[in-house]
C-alpha cells in the first residue's frame, strides 16, 4: 500500500510524512512530496509532469528515500495517538523526495509508483497543484481603514498568476515602541523582536515555551510612541515578524484566496491610547456583556469528582473548612459517549436523534448520579452554581452504540456536520485529526440550524435540571484548509472561527432559557470577547507555568477578554508546593475568575486534588488551609467591587485586569515589571511569581497610593522592595478610594 495525502492532516506546526510541502509550491524553493508505504514496498518513485506557463511539458522520475514516519505532530511510535493507529504506524514506513519547485504558473501533476518485494507494482492516482511565486504588488492589494500605516512599496503577493495565496507587507516600528496583544499569549507581554502566528491550537501544557495558544487574534497595540494599533480583518492564519528580521519593521504575512489584481486582505488601524485602540477593535468585533456577580466567586472542580456523592462531599468540605465557593464545575458527569446523559442513567434511545426531556431518564439509586436535579437544587440552596463539561464532538471510539450511534447517524442524515472531501472530491463527514477523541465527527456550530440541533439535546439540563453554565472545552479540533462548513466556507477561513461559534451556541441556549450566557472556554479567536468566560488551558504545577499564565491573562485582557482565569497553581502532574499553591492563590484572588482544578489521576493515592485541605494533608504544611481560607474570604468581599468594575470595563473598554501600560504607556516600569496589573480603577497588584522570594520588587505607577494591608500612604512612580510573607501579595489602593475599600482588606 502507498498513501499520499497532499494536504496532510492540517496540523499547523508539523509536516506529515505522506503530504506535499509546502501545500502551495513556491517557485525556486524546495518542494517535498512524501508517502507512507507498507513494509512490502521496497522502493518508491514519483512520476512528475510539469507544464510551464508557455505550455512546455517535461516529465521526470524521482526516486524517494526512506524517512522517519510522523503524522499529526507525533512521532508514530505510539505517543498520544490511539493504539490502533500506532500499531498501523509501526508497520508502515515513510518515503519522500525533495526538488526545486518550477516557475510560477506551472502546472504540476504527479503520482507515485511503488515496487513490492518479490515483484509487483502499485500506483497512486494522479495529484495536481500549481506553482506560485512571490512578486511585488500595488499597495492597494491591502485594503486599509483608518490612518494607513502600510510601508509604501512593501506589499508582495504569492500568486500563480490567477489566484493570490498569501500577502506580505510591512508596518513601521519606531524606537521605543512596544508591541502587545495578539490574543492570549503565554511567553511575553511585549513581542517586539519575536515571531508569532495566529492559529487556534491545542498546546497541551508548556504553552509559554512552545509559543502556541488556544486563543490567538490578529490584533495588536503599538505602545510607547504615537500610540496606535491594528486589526487584520481575517480569520485565516497570519504570521507576524515583530521587528525580528528588521528592527524598524513589523512584517505581516497572511493566507488569502483572492483573484490576482484584486484587493486580497484588509487591515484596520486605530490611533490613540491603548483603551481607545481596544475600544475601536471591540466596536467592530463585539463587546463583552456583563455576567452576574456570582461569576466572581471561587470556582472549584476536579476531574475525579465523578459521582454525586463526591461532588456533595467536596462541597461539604468547603463548608466544613469555611472556604466559600460560588461555582462547581463537574467535568466527569456524563456517559462519556453522548455528553448529554448522566452516567448510569437509564432511558430509551431516540432513534431519530431527538432530544430527551428529564422525565425520560431513570436514575438508579446505586448509580453514580442517583438524583442530579436534587443535587443541583441542594447546591443552589447553598448559593453554589453548577456547570457541566462539554466537548463539541460525536465520539467514534469506542464504536458508538445506543444513543451515541443514533445521534451520529442522525447528525449525518440531518446534514449538521462539518465535512471534508474524499479522494474523489465528494464530501463526507470530517473526522477529527487530533489525538484527543480521534476520528470523532464535529457539528458545524457556525451554522444556526446545526447549532440548535446540537444544543437542544442539552436544553433539559438547563431548563429542568437547573444547570447554570457549561465548560465549553476543546474548541480546537477543526484541522485542515479543505474542510467544508455548511455555508460554503472552507477550513482555512472557518477553523479559527469555530470556537467563537461554539461558545456562542451554548450562550444562546442559556439565554433562551432565561439564564446568563455563562460559558467557560479555553479556545477562541477574534469575536470571542462577546461570549462568556475563559481559562488559560492545561498546565503543570510549576513556577514557569504560573508566570506563563499571568502573561496569558494580561495579553488576553489587552485583546478584550474580560472574564479570564486559570487553573491556579496548575492542574496537572505532582501537587504544587505549598509556596507555589499559596502564591498562585494570592494572584488568583486578583484576576477576574478565581478557580482551581485538577486532572484525572485514575483515583490513585495519594490524591492529586488541588483542594486546599488535600494539599495541606499531603504537604503537612499547616499554613495552607488558613491562608487559602483568608484569600477566599477576601475574594468574597471583593465581589461587589469586581462587579462594578466589570460594568465599567464594558462601558469604557478599559480592561478589568489591566496591564500597567494602559494607564501609563510611556512609563518605563510598565515594561521593566510586566507581570503587574490594575484590577479595575482603584487596585494595583504585583504578584509574587518567583520561588523563594521573601522581598519583592514593586514598580508602583504614578499616583497616590495606600498599601492595602498596612494602610501606609505611598507615592507612586517608584520602585520599592517590600517584604512578602506567604499570606501577603503586594496590593495598593488608590488613595481616593481607600476609604471605600478599607473594609475589603480588613480580616
Conditions (1) closer than 26 Å to residue 593 by Cα; (2) surrounded by 22 or more Cβ atoms within 10 Å (Cβ to Cβ); (3) in contact with a helix residue (DSSP H, G or I) (Cβ under 6 Å, 6 or more places away or on another chain): number failed by residue 483: (1)
Tally, over the range 310-342, of residues that are surrounded by fewer than 16 Cβ atoms within 10 Å (Cβ to Cβ) and over 22 Å from residue 571 (Cα atoms): 3
Test: residue 587 is within 22 Å of residue 677 (Cα to Cα), in contact (Cβ under 8 Å) with a residue 24 or more places away in the chain, surrounded by fewer than 20 Cβ atoms within 10 Å (Cβ to Cβ) and not assigned by TED's automatic domain parsing to the domain that holds residue 205: no
Positions within the range 204-218 being under 20 Å from residue 278 (Cβ atoms) and either assigned to a strand (DSSP E or B) or modelled with pLDDT under 95 (or both), in sequence order: 216, 217, 218
Leading residue by the ranking (surrounded by the most Cβ atoms within 10 Å (Cβ to Cβ)) among those in the range 391-425 that are touching a helix residue (DSSP H, G or I) at 6+ places or on another chain (Cβ under 7 Å) and closer than 19 Å to residue 332 by Cα: 392
Pick from the range 601-612, criterion buried (at least 16 other Cβ atoms within 10 Å of the Cβ) and touching a helix residue (DSSP H, G or I) at 6+ places or on another chain (Cβ under 6 Å), ranking: modelled with the lowest pLDDT: 607
Subset of the range 631-652 (residues that are within 21 Å of residue 727 (Cα to Cα) and either surrounded by fewer than 17 Cβ atoms within 10 Å (Cβ to Cβ) or under 29 Å from the mean Cα position of the chain (by Cα) (or both)): 631, 632, 633, 635, 636, 637, 638, 639
Scan of the range 695-722 for residues that are assigned to a loop (DSSP other than H, G, I, E, B) and under 34 Å from the mean Cα position of the chain (by Cα), ordered by number: 701
The range 355-390 - residue that is part of a helix (DSSP H, G or I) and in contact with a strand residue (DSSP E or B) (Cβ under 9 Å, 6 or more places away or on another chain) and, of those, surrounded by the most Cβ atoms within 10 Å (Cβ to Cβ): 372
Qualifying positions in the range 301-315 - in contact with a helix residue (DSSP H, G or I) (Cβ under 8 Å, 6 or more places away or on another chain) and either assigned to a helix (DSSP H, G or I) or outside the structural domain of residue 370 (by TED's automatic domain parsing) (or both): 308, 311, 312, 315
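The rows are residues; the columns are (1) on the phi > 0 side of the Ramachandran plot; (2) in contact with a helix residue (DSSP H, G or I) (Cβ under 8 Å, 6 or more places away or on another chain); (3) in a loop (DSSP other than H, G, I, E, B).
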position	(1), (2), (3)
552	no, yes, no
557	no, no, no
560	yes, yes, yes
585	no, yes, no
621	no, yes, yes
Residue check, residue 263 touching a residue at least 60 places away in the same chain (Cβ under 8 Å), in contact with a helix residue (DSSP H, G or I) (Cβ under 9 Å, 6 or more places away or on another chain) and closer than 30 Å to residue 325 by Cβ: no
Residue 546 closer than 22 Å to residue 189 by Cβ, in a loop (DSSP other than H, G, I, E, B), in the same structural domain as residue 579 (by TED's automatic domain parsing) and touching a helix residue (DSSP H, G or I) at 6+ places or on another chain (Cβ under 7 Å): no
Selected residue [outside the structural domain of residue 545 (by TED's automatic domain parsing), over 26 Å from residue 271 (Cβ atoms), crowded, with 20+ Cβ neighbours inside 10 Å and in contact with a strand residue (DSSP E or B) (Cβ under 8 Å, 6 or more places away or on another chain)] from 166, 185: 166
Residue within the range 440-447 that is in contact with a strand residue (DSSP E or B) (Cβ under 7 Å, 6 or more places away or on another chain), more than 23 Å from residue 333 (Cβ to Cβ), buried (at least 21 other Cβ atoms within 10 Å of the Cβ) and in contact (Cβ under 8 Å) with a residue 12 or more places away in the chain present: yes
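Rundown of residues vs (1) assigned by TED's automatic domain parsing to the domain that holds residue 666; (2) touching a residue at least 60 places away in the same chain (Cβ under 8 Å); (3) under 18 Å from residue 529 (Cα atoms); (4) within 24 Å of the chain's Cα centre (by Cα), yes/no style:
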site: 222; (1), (2), (3), (4): no, no, no, yes
site: 225; (1), (2), (3), (4): no, no, no, no
site: 229; (1), (2), (3), (4): no, no, yes, yes
site: 235; (1), (2), (3), (4): no, yes, yes, yes
site: 239; (1), (2), (3), (4): no, no, no, yes
site: 252; (1), (2), (3), (4): no, yes, no, yes
site: 257; (1), (2), (3), (4): no, yes, no, no
site: 291; (1), (2), (3), (4): no, yes, yes, yes
Selection status of residue 598, in a loop (DSSP other than H, G, I, E, B), in contact (Cβ under 8 Å) with a residue 40 or more places away in the chain, touching a helix residue (DSSP H, G or I) at 6+ places or on another chain (Cβ under 7 Å) and more than 17 Å from residue 677 (Cβ to Cβ): no
Breaking point among (1) assigned to a loop (DSSP other than H, G, I, E, B); (2) touching a helix residue (DSSP H, G or I) at 6+ places or on another chain (Cβ under 7 Å); (3) surrounded by 24 or more Cβ atoms within 10 Å (Cβ to Cβ), for residue 221: (1)
Members of the range 609-625 that are more than 23 Å from the chain's Cα centre (by Cα) and in contact (Cβ under 8 Å) with a residue 60 or more places away in the chain: 609, 611, 612, 613, 623, 625
Filter pass, residue 527 being within 23 Å of residue 599 (Cα to Cα) and under 18 Å from the mean Cα position of the chain (by Cα): no
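The values are calculated or read from the model by the stated rules, or taken from the named source; none is laboratory data. Keep in mind that what you see is a predicted model, and the values were worked out from it rather than measured. Every residue, glycine among them, receives a Cβ derived from its backbone with ideal geometry; neighbour counts consider all protein chains shown.
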